[in-house]
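A quick write-up on the structure given underneath.
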Amino acid sequence: MAGGNISTALTERLGCRAPIIQTAMGWVAEPSLVIGSVEAGAFGFLGAAVMTPDEARAKILEVRNGTDKPFGVNFHMFQPGADQIVETILANKDQIRAVSFGRGPDAKMIGRFKDAGILCIPTVGAVKHAQKMEQLGCDMVTVQGGEGGGHTGSVPSTILLPQVLDTVKIPVVAAGGFADGRGLAAALSFGAVGIAMGTRFLMTQESPVHAQAKASYLKAGTDQIIVSTKLDGIPQRLIRTPLMDRIEKSGPLSMWLRAFEAAMIMKRQTGASFGDLLKSAKGMTGHGEQPLKQALMAATMPTLIQKAVVHGDVKDGVLATGLVGGRLNEIPTCRELVDRTIAEALARMDAVAALRP
């Protein structure tokens, strides 16, 4: 490490200056944020999992027009038009360096990406899933501990990260609870090759999140961040709001009604048929072992997030967040964030090194 940079397998393979990944949050990881993060020295993922094929194509072009730095694209194989999005990614292999996914491609599709020189970096929340991704041929794995945003598990990063590091041979990126250089130094000390941050990048100036939503994030303390299973039956971390209080008290019928409403919105936005939505839901059911009701709701959940982060409707939308959101109190630029994170990490590692006799 020299000149204010930290070199790891992540920076070497992804072609970025800092071992920091900006994660692919739906409605948040838009071109403005991806451009801002990669220009600052991190590696940014475009959140195409909530986009139509045409939107993904246009926004990939927008990123390319805004930067010559490599970037990544996130998607899942069960979204409407996934095959077309894959072809668009492959057609832009000269600048798209990596793909990320949760429920994602099989070994054959991963092989296509690898043949094109595109790295596969899935996000997992369990040791067995990290092992599976390694077996399928993925190049790295991002491990998200229970502190992470969106759908989350119960195992904290400080427990899950060493478990995965002891189990797989591919490089591991740490996620869940990271927001600064102290976290980066800690992750590197564990043996990770870098960190992935979502909520911290959501709260930057380049983030397209509505000002009213950002204000809600700034106000929320850690005691106002909850994990709910009432949105789609899967644990999901969110900021507590009046809507979330009502949802927490709701019964099964209300969950079905929310799923149907969200499905109608998604149908209008994507042009997908009910058959496409059902196929997506069944795909999620098969891989996540979820009941169909939960899978349908998971397939349509982004619409509630969109209400808040895109339109600023924090009353009728939901605010997904990592637990770390409860300690964020300012909105820096991406460059300020990345430079500060590297400087803090170097300072912490120097301080630890000075402890040696």
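Each reported figure results from applying straightforward, stated rules to the coordinates on display, with no laboratory input. Keep in mind that what you see is a predicted model, and the values were worked out from it rather than measured. As a convention, Cβ positions derive from the backbone with ideal geometry for all residues, glycine included, and neighbour counts pool all protein chains shown.
Using θ = phi - 60° and the Karplus curve 6.51 cos²θ - 1.76 cosθ + 1.60, what whole-Hz ³J(HN,Hα) does each residue of segment 211-219 get, with Gly and Pro shown as x?
Running phi through 6.51 cos²θ - 1.76 cosθ + 1.60 with θ = phi - 60° gives 4, 5, 5, 4, 4, 5, 5, 5, 6 Hz.
Sort out for me the Cα centre separation of segment 43-88 from segment 211-244, rounded to whole Å.
That distance is 27 Å.
Placing +1 on the Cβ of each Lys and Arg and -1 on the Cβ of each Asp and Glu in segment 108-192, which of Ser189, Gln131, Gly149 has its Cα farthest towards the positive end of the resulting dipole?
Gln131
Can you run the Rg to Rh ratio on segment 145-200? Use alpha carbon positions and the Kirkwood inverse-distance Rh.
Looking at segment 145-200, the ratio lands at 0.93.
Under a 5 Å amide H to amide H cut-off, with H placed in plane at 1.01 Å, what residues pair with His210 once short-range neighbours are removed?
Close amide H contacts, sequence-distant or interchain: Val310, Gly312.
Taking one equal scatterer on every alpha-carbon of segment 302-357, how large is log10 of I(q)/I(0) by Debye at q = 0.25 1/Å?
One equal scatterer on each Cα of segment 302-357 leads to -1.00.
Lys214: which aspartates and glutamates have alpha carbons under 14 Å from its alpha carbon, excluding same-chain residues fewer than 8 sequence positions away?
Cα-Cα hits under 14 Å: Glu206, Asp313, Glu330.
From the Cα trace of segment 89-142, what convex hull volume per residue do you get, rounded to a whole Å³?
Details: hull volume 3.4 nm³, N = 54.
Given the Cα convex hull of segment 89-142, per-residue volume reads 63 Å³.
Using the Karplus equation 6.51 cos²θ - 1.76 cosθ + 1.60 (θ = phi - 60°), what ³J(HN,Hα) coupling, rounded to whole Hz, does each residue of segment 45-57 give in order, writing x for Gly and Pro?
Values, residue by residue: 10, 7, x, 7, 5, 10, 10, 6, x, 5, 5, 4, 4 Hz.
Order these peptides, 177-183, 132-138, 113-119, by their mean beta-carbon neighbour count within 10 angstrom, highest first.
Ranked by mean Cβ neighbours within 10 Å, highest first: 177-183, 132-138, 113-119.
P(r) of segment 1-151 in 5 Å steps, Cα pairs, percent per bin?
All Cα pairs considered, the percentages come to 2, 10, 20, 23, 22, 15, 6, 1, 0, 0.
Each residue of segment 75-88 in order: what ³J(HN,Hα) in whole Hz does its phi give by Karplus 6.51 cos²θ - 1.76 cosθ + 1.60, θ = phi - 60°, with x for Gly and Pro?
Using θ = phi - 60°, the values come out as 7, 9, 6, 9, 7, x, x, 4, 4, 5, 5, 4, 5, 5 Hz.
Within segment 314-351, report the trypsin sites (Lys or Arg not before Pro) that DSSP leaves as loop and that have at most 15 other Cβ atoms within 10 Å. Write down the numbers at each step before the final one.
Numbers: sites: Lys315, Arg327, Arg335, Arg340, Arg348; in loops: Lys315.
For trypsin sites (Lys or Arg not before Pro) across segment 314-351 that sit outside H, G, I, E and B with at most 15 neighbouring Cβ atoms in 10 Å, the list reads Lys315.
Just how many % of Cα pairs in segment 94-192 lie over 16 Å apart, if you round to the nearest whole percent? Walk me through the intermediate numbers first.
Details: 2604 of 4851 pairs.
Of the Cα pairs, 54 percent sit more than 16 Å apart.
Could you sort the peptides 230-237, 210-217 by per-residue average Cβ neighbour count (10 Å cutoff), highest mean leading?
The packing order, highest mean first, is 230-237, 210-217.
D for segment 206-255, whole µm²/s, Stokes-Einstein with Kirkwood Rh over alpha-carbon pairs at 37 °C and 0.692 mPa s: what number?
Values: Rh = 12.1 Å.
Value of D from the Cα-based Kirkwood radius: 271 µm²/s.
What translational diffusion coefficient, in µm²/s and rounded to a whole number, does the Stokes-Einstein relation yield for segment 20-63 at 10 °C and a viscosity of 1.306 mPa s, taking the hydrodynamic radius as the Kirkwood radius over Cα pairs? If you can, show how the numbers build up before the last one.
Details: Rh = 10.2 Å.
After rounding, the answer is 156 µm²/s.
Taking loop as defined by DSSP and a crowding limit of 15 other beta carbons within 10 Å, which GluC sites (Glu not before Pro) in segment 306-357 fit? Don't jump to the answer; show the numbers that get you there.
Numbers: sites: Glu330, Glu336, Glu344; in loops: Glu330.
Within segment 306-357, the qualifying GluC sites (Glu not before Pro) (loop, at most 15 other Cβ atoms within 10 Å) are Glu330.
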